[in-house]
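Derivation of every value follows stated rules applied to the coordinates shown; laboratory data play no part. On a predicted model such as this, the values are computed, not experimentally measured, just so you know. In this analysis, Cβ positions are derived from the backbone assuming ideal geometry, glycine residues included, and neighbour counts consider all displayed protein chains.
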Amino acid sequence: MPGIFQISPDKRKTGRGKEIGLRSFKLFLKMIFTPITIMLVPHSRTKPVSIRVPVGGIVFSVFSFFAGVVYLFTVAVHTVEYYQMRERLSYVTDQFLELKSTMVSLKQAEKEFKKLFSLKTKTDVLENAELIDTGSLDMEALRTQIDGAMRSVTSIRQYIAEQKDIYRATPKGWPVPGYVSSGYGYRDHPKSGRRQLHTGVDISTPLGTEVLATADGVVTFSGKTRNSGNVVVIEHGRGFSTAYAHNKENLVEVGQRVRRGETLGLAGSTGRSTGPHVHYEIWNDGRHVNPSQFLARR
């Protein structure tokens, strides 16, 4: 018959399990702290050196070494990625600043063209034409569009430059105020009476009136001739040249650059002349043309 204080089988099993667990833990601690002797034997005659290190210390050192290697590798990868991102950011920033500069240039060009083409006549346009030196983005697509726009702007600039060059080289208006006393074509010469071709127009004007250039150009002759008196000849380019004859005095020299409206000399009656006037001739591609159509231009 069991006693009053008899221990049940389950409790006996639990106590035995705890005892086994405690014994295993003690064995583990004993193994961890069991020293291992490491002997360092030098090649010289000095005595060997012995180092006693617990097994746990060796395990911890090996684990720390590999953990440090993994950490250093991770830091190295992050450093490389960081510099790559900095380089990419610098490239994108440079591209953005370049595009920004180009867009500012385009806006300025657009502003100038709007101002230019708001003028009512072609003459006003050419007179006032001043050529200017001129977030998350799809950079390549934007660059393509801007390059196309810049080509268009460049084409417009080139066209305006060419048209302005033609305009400034084309004779326009009257060299002196007055009236045409003898037109272009065949006539009876007022001195000789012979019928011959008059290659320009005679514009009657008071003595000493300023003779003005009718287009931009370079003076290629400024001197005195027997029949035409004091003469000034200007080469304008684009095939045009003009001559101003019978001047009282020439005020320009050969090689001098002149602009439309600048004074070339003073009207007179030198050479074979019946009174103060300017004999005005226009040549185009080596042939004289009727100046009347150019006098009427505005």
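The string of couplings for region 170-176 from the Karplus curve (6.51, -1.76, 1.60, θ = phi - 60°) is 8, x, 8, x, 9, x, 9 Hz, one whole number per residue in order, with x for Gly and Pro.
Based on the mean of other beta carbon atoms within 10 Å per residue, what is the order of 94-106, 233-245, most packed first?
The densest-packed peptide leads the list: 233-245, 94-106.
Using a ≥ b ≥ c from the Cα gyration tensor of region 241-289 (square roots of the eigenvalues), is it rounded, prolate or oblate, where a/c under 1.5 gives rounded and otherwise the larger of a/b and b/c decides, a/b for prolate? The shape class here is oblate. Taken over region 150-265, the percentage of Cα pairs per 5 Å bin, counting from 0 up to the bin with the maximum distance, is 2, 11, 17, 20, 18, 12, 8, 5, 3, 2, 1, 0, 0. Residue-normalised convex hull volume from the C-alpha trace of region 217-298: 100 Å³ per residue. Across region 177-188, coupling constants 3J(HN,Hα) worked out from phi with the 6.51/-1.76/1.60 Karplus curve, θ = phi - 60°, read x, x, 9, 7, 8, 8, x, 7, x, 6, 7, 8 Hz, and Gly and Pro carry x.
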